[in-house]
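Engineer: Attaching a single structure in structure tokens format; questions to follow.
Values in this text are rule-based calculations from the coordinates and carry no lab data. Here the structure is a predicted model, which means the values were calculated and not measured. Virtual Cβ from ideal backbone geometry, glycine too; neighbours counted across all protein chains shown.
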Amino acid sequence: MSAPDTEVLFRPFSIRSLDLPNRIVMAPMTRGFAPQGIPGTPQAAYYQRRAEGGVGLILSEGTVIDRPASRNMAGIPLFHGEAALAGWKDVIDAVHAAGGKMGPQIWHTGSTMGPDGWDPGVPVESPSGLLAPGQPRGEAMSEEDIADAVSAFARAAADAARLGFDTVEIHGAHGYLIDQFFWSGTNARADRYGGATIRERSRFAGEIVAAVRAAVGPDFPIILRLSQWKQQDYLARLAETPDLMADWLQPLVDAGVDVLHCSQRRFWEPEFPEIDGERGLNFAGWAKKLTGAATISVGSVGLSGDFMAAFGGESSTSTALDGLVERMERDEFDLIAVGRALIADPNWVAEIGKGETAKLKGFDAATLGELV
Ligand SMILES: Cc1cc2nc3c(=O)[nH]c(=O)nc-3n(C[C@H](O)[C@H](O)[C@H](O)COP(=O)(O)O)c2cc1C
């Protein structure tokens, strides 16, 4: 395997109060090791290891807001309540002690089902009581539920800032609650939270972003994670054209988002190949071009297979970084998130920095069974 010059990945990056030493972000990855939703020493040690390994910015596993059915698996950590927040305080202190920077990914799983079929014990909630088009599950949210969810996101963001986190990421991707509002397949509402256009269906997300901005003040950077694809339908798309993408993203940036985290399963796939060809801009590239906001790309960096295959137990071998380096050199996006490669090897960043790509292990799906 060739070892390209990765210098471009090691240029500093700043946004609002956040100064990063390099462009590499640890992607948010649910691990499910928080008994009763309380993170503690194992999580602090896990994230601290990645900070020691040189990750520029760590995004936590999805951690849920204060709504009755905001998670779909028992081991998902809460981001509310004294005990869970005390655990998160230990996490951020451990990351800071190693010189790292970190933000929690705040989340509501909507009407999705977790992998183990766990039941939260209260009805799940979503815009229209749908899991996918034509697939009812749980209850449609009332306007009061919506207002409470918006406040719960804002409280979680305020708690993140109060505990000392460096940023916060709102999870608006992958077919979970916020994305269920974006998607016409799961949002059939007749009120102001629904509508025929992506701009109308973005109202819920816009209110969350505005409330989060009001809660954290002007200096704290806000990241919003988005995806065209859904776990319910990999081929679903919210924006079929750049104009529609601008209709979707610009109001969210105007509401207060600093960084758009544009989730793809493979970062090299062009978003609108009919416009700029098979080697054209990816989702993060188009999002940056259309809005001027900073963007994070993601998806199979340094690995041969994509992450949904990993849930099916598939492992991946390590691959070269040439394509990534090329895109970052042309400033297509600002930051790159790395998921499984950082589960496999906490020192991945340090190793690619030294050009020691031959040491990289690839990803063995069995490593998801423990938190190390
Ligand atoms: C075990 C695992 C858990 C994940 N959990 C989350 C999550 O909580 N929130 C999220 O936005 N994405 C989640 N993802 C997706 C990753 O953030 C990332 O987008 C994906 O793994 C692609 O990056 P990679 O190919 O470098 O692994 C998860 C991925 C994996 C492998």
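Engineer: Once the Cα atoms of segment 58-125 are picked out, what are the Rg and Dmax in Å?
Structural biologist: My reading of the Cα-based Rg and Dmax gives 13.3, 42 Å.
Engineer: Enumerate by residue number the GluC sites (Glu not before Pro) in segment 225-285 meeting two conditions: DSSP loop (anything except H, G, I, E, B), and at most 15 other Cβ atoms within 10 Å of the site's Cβ.
Structural biologist: GLU240, GLU278
Engineer: Kindly state, as a whole number, the per residue volume in cubic angstrom of the convex hull around the alpha carbon atoms of segment 239-330. Working shown, then result.
Structural biologist: Working: hull volume 9.9 nm³, N = 92.
With only Cα atoms used, segment 239-330 gives 108 Å³ per residue.
Engineer: Something else about it: For segment 274-372, report the translational diffusion coefficient in µm²/s to the nearest whole number, using Stokes-Einstein at 25 °C, 0.890 mPa s, and a Kirkwood Rh over Cα pairs. Mind showing how you got there, number by number?
Structural biologist: Details: Rh = 14.7 Å.
Approximately 167 µm²/s, per Stokes-Einstein.
Engineer: So, one more: Show me the ranking of peptides 329-336, 131-138 by mean Cβ neighbours inside 10 Å, starting with the highest.
Structural biologist: Numbers: 329-336: 18.9, 131-138: 15.0.
Peptide ranking by packing, descending: 329-336, 131-138.
Engineer: Using the C-alpha atoms of the chain, what convex hull volume per residue, in cubic angstrom, is computed? Intermediate results must be reported in sequence, preceding the final value.
Structural biologist: Working: hull volume 45.1 nm³, N = 372.
In the chain, the Cα hull volume divided by residue count equals 121 Å³.
Engineer: Considering only the other residues whose Cβ falls under 11 Å of the Cβ of PRO221, what net charge follows from Lys and Arg at +1 and Asp and Glu at -1?
Structural biologist: Numbers: positive: ARG16, LYS101, ARG213; negative: ASP19, ASP166, GLU169, ASP219, ASP258.
Residues close to PRO221 contribute a combined charge of -2.
Engineer: If I take the Cα coordinates of segment 4-113 and project them onto the principal axes, what are the three extents in Å, biggest first?
Structural biologist: Computed over segment 4-113, the largest-to-smallest principal extents equal 46, 28, 27 Å.
Engineer: Output the relative contact order of the chain, whole-number percent, from Cα pairs under 8 angstrom with separation of 6+ residues.
Structural biologist: Details: 830 pairs, mean separation 65.4, N = 372.
Answer for the chain is 18 percent.
Engineer: For the chain, what is the mean residue ellipticity at 222 nm derived from helices alone (per DSSP H run of n ≥ 4: -39500 (n - 2.57); sum divided by total residues; nearest 500 deg cm²/dmol)? Intermediate values should be presented prior to the final figure.
Structural biologist: Values: 13 runs with 124 residues, N = 372.
Computed mean residue ellipticity for the chain: -9500 deg cm²/dmol.
Engineer: Take the Cα atoms of segment 1-65, find their three principal axes, and give me the spread along each one in whole Å, biggest first.
Structural biologist: The Cα atoms of segment 1-65 stretch 44, 36, 18 Å along the principal axes, largest first.
Engineer: For segment 141-245, what is the convex hull volume of its Cα atoms per residue in Å³?
Structural biologist: 107
Engineer: So, one more: Where the convex hull is taken over the Cα atoms of segment 178-336, what is its projected area averaged over directions, in nm²?
Structural biologist: Working: hull surface 41.0 nm².
Mean orientational projected area (segment 178-336, Cα hull): 10.2 nm².
Engineer: Right, here's the next one. Nearest 5 is fine: what % of DSSP beta bridges in segment 7-369 come out antiparallel, could you say? Show your work: numbers first, answer last.
Structural biologist: Numbers: 8 of 39 bridges.
For segment 7-369, the DSSP antiparallel bridge percentage is about 20.
Engineer: Follow-up. One-quarter of the Cα convex hull surface for segment 150-192, in nm²? List each step's numbers first, then the result.
Structural biologist: Details: hull surface 15.0 nm².
Mean orientational projected area (segment 150-192, Cα hull): 3.8 nm².
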